[in-house]
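Here is the structure we will look at.
The values are calculated or read from the model by the stated rules, or taken from the named source; none is laboratory data. All values derive from a computational prediction rather than experimental measurement. For neighbour counting, all protein chains shown are included, and Cβ atoms are generated from backbone atoms with ideal geometry for every residue, glycine included.
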Amino acid sequence: MEVDNIKLLEELFDKKVLKILKLFLADKDNEFYLREAAKLSKVPVASTFRIINKLVSLNLITEKKIKKFKLYRISQNKNIEFLESFIKEEKRIVEIFVESASKIHGVESLILHGEESKDRANILIIGENIDSNIVKNICGEIKEKYNYIISPLTLARVQFKQMSNMGLYSGKRETLFGR
């Protein structure tokens, strides 16, 4: 999904609702107090209260009462999965990396190695004479801007084939870019 699609969603829907949904989707296992959700999403408390109540009524967020306190957590259902496909940023971050890294001279292919998690991805960069400083700069920018770690490993095509034959790169692999 392109960055433009997220901007389109922001124009169609209330930006504040999207900020709160992004907060809950970014940390599915966490529970948030109202003020905490407001502070982290940078949405005023009154608006956060209104939005969270709306999301609770739509069964997108669950509410847990502990004495006087209320904790909110993202629900696990098909509606959330559907919304997540539009809103989730992790995939976009990897795509941003692919967009930048594919332009580096000598890059033949980019392969996602293993499972992509919410805060990191391991990417094999296959090609000849790839400038590792450019790769480090791209990874550093992504880490700084999105707090997402890209762990790159640069290999020549021959090295990659030899290591694959030895079983060093078994498991899940997804080709993100190839010439």
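Can you spot a residue in the stretch 89-107 that is over 30 Å from Val135 (Cα atoms), in contact with a Leu (Cβ under 8 Å, 6 or more places away or on another chain), touching a residue at least 60 places away in the same chain (Cβ under 8 Å) and not charged (D, E, K, R)?
no
Take Tyr169 and tell me if it is aromatic (Phe, Trp, Tyr) and farther than 26 Å from Leu25 by Cα.
Yes: the conditions hold for Tyr169.
Considering each of Gly140, Gly127, Gly106 in turn, give the residue that is out of contact with any strand residue (DSSP E or B) (no Cβ under 9 Å at 6 or more places or on another chain) and among the small types (Gly, Ala, Ser).
When all the criteria are applied, what remains is Gly140.
Let me spell it out: the conditions are (1) at pLDDT 90 or above; (2) out of contact with any helix residue (DSSP H, G or I) (no Cβ under 8 Å at 6 or more places or on another chain), and Ile51 meets all of them except one. Which number is the exception?
Among (1) at pLDDT 90 or above; (2) out of contact with any helix residue (DSSP H, G or I) (no Cβ under 8 Å at 6 or more places or on another chain), the lone unmet condition for Ile51 is (2).
Free of Cβ contacts under 8 Å to residues at least 60 places away in the same chain, of a type in the set (Val, Ile, Thr) and buried (at least 16 other Cβ atoms within 10 Å of the Cβ), is that true of Ile80?
Taking the combined requirement at face value, the residue satisfies it.
Filter the stretch 138-179 down to the residues that are part of a helix (DSSP H, G or I) and over 17 Å from Val94 (Cβ atoms) and list them by number.
Selection gives Arg157, Val158, Gln159, Phe160, Lys161, Gln162, Met163, Ser164, Asn165.
Name the single residue that is nearest to the chain's Cα centre (by Cα) among those in the stretch 107-149 being closer than 17 Å to Thr175 by Cβ and small (Gly, Ala, Ser).
Ala121
Condition first: in contact (Cβ under 8 Å) with a residue 40 or more places away in the chain and either crowded, with 16+ Cβ neighbours inside 10 Å or β-branched (Val, Ile, Thr) (or both). Now tell me which residues in the stretch 115-143 satisfy that.
Ile123, Leu124, Ile138, Cys139, Ile142
Report every pair of residues separated by at least 6 positions or lying on different chains whose Cβ atoms are under 7 Å apart, first residue within the stretch 164-177 and exposed (fewer than 13 other Cβ atoms within 10 Å of the Cβ), second assigned to a loop (DSSP other than H, G, I, E, B).
Within 7 Å, the pairs are Gly171/Gly114; Lys172/Gly114; Lys172/Glu115.
Run Glu89 past the list (1) crowded, with 16+ Cβ neighbours inside 10 Å; (2) modelled with pLDDT of 90 or more and report the number of the one that doesn't hold.
(2)
Got a sec? Which of Ile52, Ile66 is surrounded by 14 or more Cβ atoms within 10 Å (Cβ to Cβ) and either closer than 22 Å to Val17 by Cα or not charged (D, E, K, R) (or both)?
Ile52
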